[in-house]
Amino acid sequence: MPLIDLPLSELRNYSGRNPRPADFDAYWDRALRELATVDPRPELKPAGFAAPGVECFDLWFTGVGGARVYAKYLRPARPGPHPAVLQFHGYYGSSGEWFDKLGWPGSGFVGAALDVRGQGGRSEDSVPVRGTTVRGHIVRGLDDPDPDKLAYRQVFLDTVQLARVVMARPEVDPARVGCFGRSQGGALALACAALEPRIKRCAPVFPFLCDYRRVWEMDQAKEAYFELSYFFRWFDPRHEREDEIFTRLGYIDCQHLAPRIQGEVLMFTGLMDAICPPSTQFAAYNKIKARKDMVIYPDFAHEELPGCPDRTFGFMREFLR
């Protein structure tokens with residue numbers, strides 16, 4: 001089999017390269033305390049989309065920094081309580097179309113699909129930050145003196161707020177909630193499951209935002225990770241701050257959040273993925289202490305993985321039993 005990364009035998013033991021900040025746990029404990037002070041003020045408004053047996057709503061809630069955050073919310077027309085799934089989208093994108101989410105409420109689930117703040121959907125991005133805001137969320141806030149201004153800190157907390165809002169709905173059984181997504185969505189699924197321990201099942205597909213230093217050392221600071229290259233070329237061209245920069249990125253590195261996950265995890269990985277290299281995904285997977293499994297596609301890259309949506313549905317469908 002051709003290789004773009006480590007052999008599979010080494011991937012299974014790979015522990016990651018990006019440094020973990022010494023105050024990592026304190027950082028996220030403080031972030032969760034801040035979130036606990038934010039009144040989500042959820043609003044459900046009937047959406048301009050309808051389907052038989054399904055009720056569709058525009059869901060708005062408040063995240064950290066006062067931002068109003070949007071998600072599509074779909075529920076079965078019949079009474080609950082129902083299990084629920086949270087869906088997270090890829091980098092730069094949005095929650096997408098209503099139609100492609102109908103299978104969840106049609107099968108007895110409540111579904112909620114987040115629009116990541118500052119990307120292609122309807123959510124607000126309201127946290128002021130010093131330094132560059134060009135080239136993406138990874139580097140937004142990286143040069144601010146306050147590491148709490150890192151953009152992905154706010155996004156990760158939005159996933160938790162969404163989970164809490166959904167779990168508080170009368171038609172939802174909070175003991176049967178899962179999350180999933182691919183690429184950035186896979187990273188957000190990991191972050192959500194790590195920071196909201198009531199998430200029972202997590203199905204990340206080739207997750208982004210893992211092991212930044214490994215991405216750099218593999219010369220894969222391209223495509224979705226291009227902003228790493230941009231940041232160094234413009235703001236640290238001689239890499240005099242390299243250790244400092246990668247350590248700060250460690251706050252928003254999903255491999256370091258992974259040990260917090262308590263729910264069951266089913267991860268999907270293509271071994272030819274040059275956008276989110278396999279080793280970066282294994283860095284997170286290998287740190288998960290909860291029950292877990294990985295579905296490996298030896299010949300596939302950052303692309304559609306045959307059988308992945310059906311396997312994800314089957315994984316979540318056990319909530320219905």
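All of the numbers you see were taken from the coordinates with simple rules; none came from a lab. Just so you know, these numbers come straight off a predicted model, no measurement behind them. Counting neighbours? That spans all protein chains shown, and the Cβs are built from the backbone with ideal geometry, glycine included.
Pairs on different chains or at least eight residues apart, Cα atoms closer than 14 Å: how many lysine pairs in the chain fit? Spell out each step's value before the answer.
Values: Lys45/Lys72; Lys72/Lys101; Lys200/Lys289; Lys200/Lys292.
Lysine pairs satisfying the spacing and distance rule in the chain number 4.
Can you give the convex hull volume per residue for the Cα atoms of region 199-272, as a whole number of Å³?
Details: hull volume 7.5 nm³, N = 74.
Each residue corresponds to 102 Å³ of Cα convex hull volume.
Max-minus-min Cα coordinates of region 245-321 on each principal axis give 45, 30, 15 Å, with the largest extent listed first. Restricting the trypsin sites (Lys or Arg not before Pro) of region 214-243 to loop positions (DSSP other than H, G, I, E, B) with no more than 11 neighbouring Cβ atoms within 10 Å leaves Arg238.
Among Val69, Val172, what is the fewest-to-most ranking by other Cβ atoms within 10 Å? If you can, show how the numbers build up before the last one.
Working: Val69 29, Val172 21.
In order of increasing Cβ crowding within 10 Å: Val172, Val69.
Normalised by the empirical 2.2 N^0.38 Å for globular proteins, what value does the Cα Rg of the chain take? The partial results should precede the final answer.
Working: Rg = 18.8 Å, N = 321, 2.2 N^0.38 = 19.7 Å.
The reported ratio for this selection is 0.95.
Note on region 68-166: percent of Cα-Cα distances in each 5 Å bin, starting at 0 and stopping at the bin with the largest distance, equals 3, 13, 21, 20, 16, 11, 7, 5, 3, 1, 0. Amide H contacts under 5 Å for Asp211: Cys254, Gln255, restricted to partners 5 or more places along the chain or on a different chain, H placed in the peptide plane at 1.01 Å from N. Loop only by DSSP, 16 or fewer other Cβ within 10 Å of the Cβ. Give me the GluC sites (Glu not before Pro) in region 254-321 that pass, ordered by residue number. When the GluC sites (Glu not before Pro) of region 254-321 are filtered for loop state and at most 16 Cβ neighbours within 10 Å, Glu303, Glu304 remain.
Principal axis analysis of the Cα atoms in region 124-210 yields extents of 42, 28, 19 Å, listed in decreasing size.
Taking neighbour Cβ counts within 10 Å as the exposure measure, how do Arg291, Arg122 sort from fewest upward? Can you show the working numbers first?
Working: Arg291 12, Arg122 15.
So the residues, fewest neighbours to most, are Arg291, Arg122.
Among Ser9, Ser15, Ser279, a tally of other beta-carbon atoms within 10 Å of each Cβ gives an order, fewest to most, of Ser9, Ser15, Ser279. Computed over region 39-99, the range of Cα coordinates on each principal axis works out to 36, 27, 23 Å, biggest value leading. In the chain, the DSSP beta bridges split such that about 45 percent are antiparallel, to the nearest 5. Angle of helix 308-317 to the longest C-alpha principal axis of the chain, folded into 0 to 90 degrees and rounded to 10: 50°.
Principal-axis analysis of the Cα atoms of the chain puts helix 184-195 at an angle of about 80° to the longest axis.
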